[in-house]
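Below is one structure, written out as structure tokens; the observations come after it.
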Amino acid sequence: MSLFDDDSKVSPEPKLPLAVRMRPITLEEFVGQDEITGNGMFLRRMIEADTVPSSILFGPPGTGKTTLAHIIARETDSHFEQINAVSAGVADIRKIIDGARTRLTLRRQRTILFIDEIHRFSKSQQDVLLPYVENGTITLIGATTENPYFEVNSPLLSRVRVFRLLPLDEAAVIAILERSLKDEQRGLGKNGIICPRTVLEMIAAIANGDARVAINLLEQAASMLSTEGPQEITMKHIEAIAGERLVAYDKQGDNHYDVTSAFIKSMRGSDPDAALHYLARMLVAGEDVKFIARRIVICAAEDVGNADPAALTVAMAAAQAVQFIGMPEGRIPLAQAAVYIATAPKSNAAYMAIDQAMADIRNRKSGQVPDHLRDSHYKGAKVWGYGKNYLYPHNYEGAYVTQQYLPDELKDVRYYKPTEYGFEATIAERLRQTKRK
């Protein structure tokens, strides 16, 4: 039996915060992390088979690390123990391990030990866990907002799987808010509250991928409604709660994503002045500089691409510089990168090419790797003809020789179609010379 089995059948105490009441109970309710918990994904299969490995859940606040650990406890037959690395010590760990050893011996029941903020454990505390993770006495699930490859000891890290949880996108946050509004048992459904889509988008923008922040904003806005007036949350309610951060974004009726969209489109449209204007609006509003840096990096790859390959280098350097020097000086490399991208020649050929290639993988027969390209370095490969007739390009003039690289089913496909702008014109000419364009 799971520690949380009964919780899933009883309505939460209504006085608890809405974010606590709306915490997902099942994998079906857990949204926004499909890359690790979607149908067919490794962790989901392990949960469904009750063979969850020791793991580290790594991601920013509000992405569902603790919630996912509780779901694992509910949906498996393991006993569940939870501690926080800030307040727990070696004595607490040893007590839990003693209980885990007893349960495993007498009842053949595994114990999941969830350690929140595991990066706060010292090396010696982490070392205590090693033998018991290795011999299966406990299944460790650690949660951390810090990169575990820097903060968790290598010996412990080598014994666990690392799952990275990403900030929730707008659609996922809005889905969570809508469920909070409609749920009559745990949410606000009995109150008949209306919240227009534009307001939900504003809440999601302010939350910046943090579901807990989004639900707290919704609850605070709902508490401002009069029991006698219209039960509708408006932009004014959110403005009153969010204060200056939101007003800076919405002085002209724009919300967070409008400004972000305008920033990206200004860089794409080669207008450095507009790009700087929208960058300034985001900085003054207190936007997360890492979010801004990510947008710049994406724009460099998506919209400049191989027309100026240095754009991605500049964007990545700016992203690293911001983390190294912080704010307010970080505005300078961000501005440099935004101006560089805005004034660079543009091509989305690489971006379009990979999307088309992935669409073909999903929607048409892809075929087998040609035999002459297969790995021939192991015993028996040559018997099957692997590597036979492969032409080593460096043995030919210009390190190019005509041979088939794509599977037979796709041999005439051309995904990459370079433009005639910037450096990509050089690439196009090079491909013409090799008769590949």
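Values quoted throughout were computed directly from the atomic coordinates according to the rules given, and no laboratory measurement underlies them. What you are looking at is a predicted structure, and each value in this text was computed from that prediction instead of being measured. Neighbour counts are summed over all protein chains in view; Cβ atoms, including those assigned to glycine, are modelled from backbone coordinates with ideal geometry.
Tabulated values for the structure
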read-out: Neighbourhood charge, 13 Å Cβ-Cβ cut-off, centred on Ala274 and excluding it, Lys, Arg +1 and Asp, Glu -1; value: +1
read-out: Computed [θ] at 222 nm, helices only, for the chain once each DSSP H run of length n ≥ 4 contributes -39500 (n - 2.57); value: -14000 deg cm²/dmol
read-out: Length released on extending from Thr102 to Met224, taking residue separation times 0.36 nm less the Cα-Cα span; value: 38.8 nm
read-out: Distant-in-sequence amide H partners of Val162 (H built 1.01 Å from N, under 5 Å); value: Ile56
read-out: The range 112-137 versus the range 338-377: alpha-carbon centroid distance in Å; value: 41
read-out: Whole-angstrom gap from the range 307-323 to the range 281-304, using each part's C-alpha centre; value: 11
read-out: Amide H contacts of Asp183 (H built 1.01 Å from N, under 5 Å, at least 5 apart or other chain); value: Leu188, Gly189
read-out: Computed lengthening from Arg331 to Ala240, 0.36 nm per intervening residue step minus Cα-Cα distance; value: 29.9 nm
read-out: Approximate shape of the range 364-433 as ellipsoid semi-axes (Cα gyration tensor, √5λ), whole Å, largest first; value: 29, 17, 8
read-out: Label-to-label distance, nm, for residues given as Lys365 and Asp169 (7 Å Cα→Cβ offset); value: 3.2
read-out: Cα principal axis extents for the range 170-242, largest first, Å; value: 33, 27, 17
read-out: Long-range HN-HN contacts of Arg110 with modeled amide H, under 5 Å; value: His79
read-out: Computed E for Thr145/Asp50 - FRET, C-beta separation, R0 35 angstrom, nearest 0.05; value: 0.80
read-out: Cα convex hull of the range 264-343 - mean projected area over all directions, nm²; value: 4.2
read-out: Nitroxide proxy distance, nm - points 7 Å out along Cα→Cβ at Tyr392 and Met358; value: 3.6
read-out: Reciprocal mean inverse distance between Cα atoms of the range 84-207 - Kirkwood radius, Å; value: 17.5
read-out: Kirkwood-based Rg to Rh ratio, the chain, C-alpha trace; value: 1.03
read-out: Relative compactness, the range 16-142, computed as alpha-carbon Rg over 2.2 N^0.38 Å; value: 1.06
